Each structure stands twice: as structure tokens, then as C-alpha cells.
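Notes to accompany the following structure.
The values are calculated or read from the model by the stated rules, or taken from the named source; none is laboratory data. The structure displayed is predicted, hence computed values, not measured ones. Here the Cβ positions follow ideal geometry from the backbone for every residue, glycine too, while neighbour counts run over all protein chains shown.
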Amino acid sequence: MTSEKDISSAAGKPRTIEEVLATEGFYMGPPVGISMWPMLRNRHDVIMVVPAKGELHRYDVALYRRREKYVLHRVVGHYERGSEKGYVICGDNCVTLEYIPREDVLGVLTGFYRDGRRIDCTTSRAYHAYMKLWVALFPARKVCKGANAAARRAAKRVLSACGLLKHNNTHETRRK
């Protein structure tokens, strides 16, 4: 889940999320993408992020930069490689683990607004139940996503072999 790249300031000059976090002490804006679905909906909900201070914990949702994009994913563990320490991170709608050094983390999600209602990541019992269940289901989600992808590939091969799949657009089939 990425966030908007630049935020306009009062002077009209775009500011980065890092600048907003440094000057305002928090960032609010819409999440962009589906990597944190079903918790966060693409461009629909509003997230609230504060600067990361100290060690993040398992289940925290970290904001970090991956090349030119901001990414908001959940901490599922910690790692240590020699002198480098960091977080094992994964989006709620993803199955690939990422290893992010501590110094790359810019902020942490403290809450979000869904349909005008604020969900507090530190006090909401429903949110805490969701995050623990979702992380516990990670192995099952990984198997299901892999099986789904394999089934799609197999169906595509069968349709192609039967001549039912157009070659220029793999999502359309033609009728005989």
C-alpha cells in the first residue's frame, strides 16, 4: 500500500511525506493500492501516521520508502544480519516477506478513518483481533494465493490449447 508521493503545501510547492512528518508531527491522507486490503481500501479510507520513535513491534504497520514510493505494510517479525537490524514486513494482501532496515522506517500507523469512523490502532479491540488473526492466517493465505495462481495458469493453458483464448488479450475468450 503506497501513499501519495507529494503533498501540496500552502505555498503550492509539493512536500514529501517525510517533510510533513517532520514539520507537522503526523501525516493524514488516503492509502493508494491494494496491498493492505481488507484493512485499508484503495483511495477510500484515510490513514494517520506519526514519526517512528524507537522499536516497532510485531503487528505495527510501518511506513517506509521503497525507491520512489511510500509503502505501508505490517511488521510480522524482526531480523538481525550482522550489525544490521530491521523488520520483517508484509502487506495484509501480500504473501512476500520484505526485510526493511530500521533506519528506512519513516512512521507508524496510529489509526485510520473508515466511512467517517476513526479506528484507533492502539485501543480498538476489533482491530487487535483482526491483526492477530490476519498474521496467524499468513501461512494459509500464502497457500491459497499460490493455489489460485496455479489454477489460473492451468486454466489459461487449457483455454489456449482449445483455441478459446485470444492471443492479443488473455482476459477475453471468444465463443465458437
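Take Met48 and decide whether it is touching a strand residue (DSSP E or B) at 6+ places or on another chain (Cβ under 7 Å) and in a loop (DSSP other than H, G, I, E, B). Considered against the rule, which asks whether it is touching a strand residue (DSSP E or B) at 6+ places or on another chain (Cβ under 7 Å) and in a loop (DSSP other than H, G, I, E, B), Met48 comes out as no. Taking the numbered list (1) without any contact (Cβ under 8 Å) to a residue 40 or more places away in the chain; (2) in a loop (DSSP other than H, G, I, E, B); (3) surrounded by 11 or more Cβ atoms within 10 Å (Cβ to Cβ) in turn, Ile119 passes all entries but (2). Only one of the numbered conditions (1) over 23 Å from His44 (Cα atoms); (2) at pLDDT 95 or above; (3) surrounded by 15 or more Cβ atoms within 10 Å (Cβ to Cβ) is violated by Tyr99, and that is (3).
For the stretch 63-77, does any single residue satisfy the condition of being under 22 Å from Val46 (Cα atoms), in contact (Cβ under 8 Å) with a residue 24 or more places away in the chain and part of a loop (DSSP other than H, G, I, E, B)? The answer is yes, given that some residue of the stretch 63-77 is under 22 Å from Val46 (Cα atoms), in contact (Cβ under 8 Å) with a residue 24 or more places away in the chain and part of a loop (DSSP other than H, G, I, E, B). In this structure, is Tyr113 aromatic (Phe, Trp, Tyr) and over 15 Å from the mean Cα position of the chain (by Cα)? Answer is yes for this residue.
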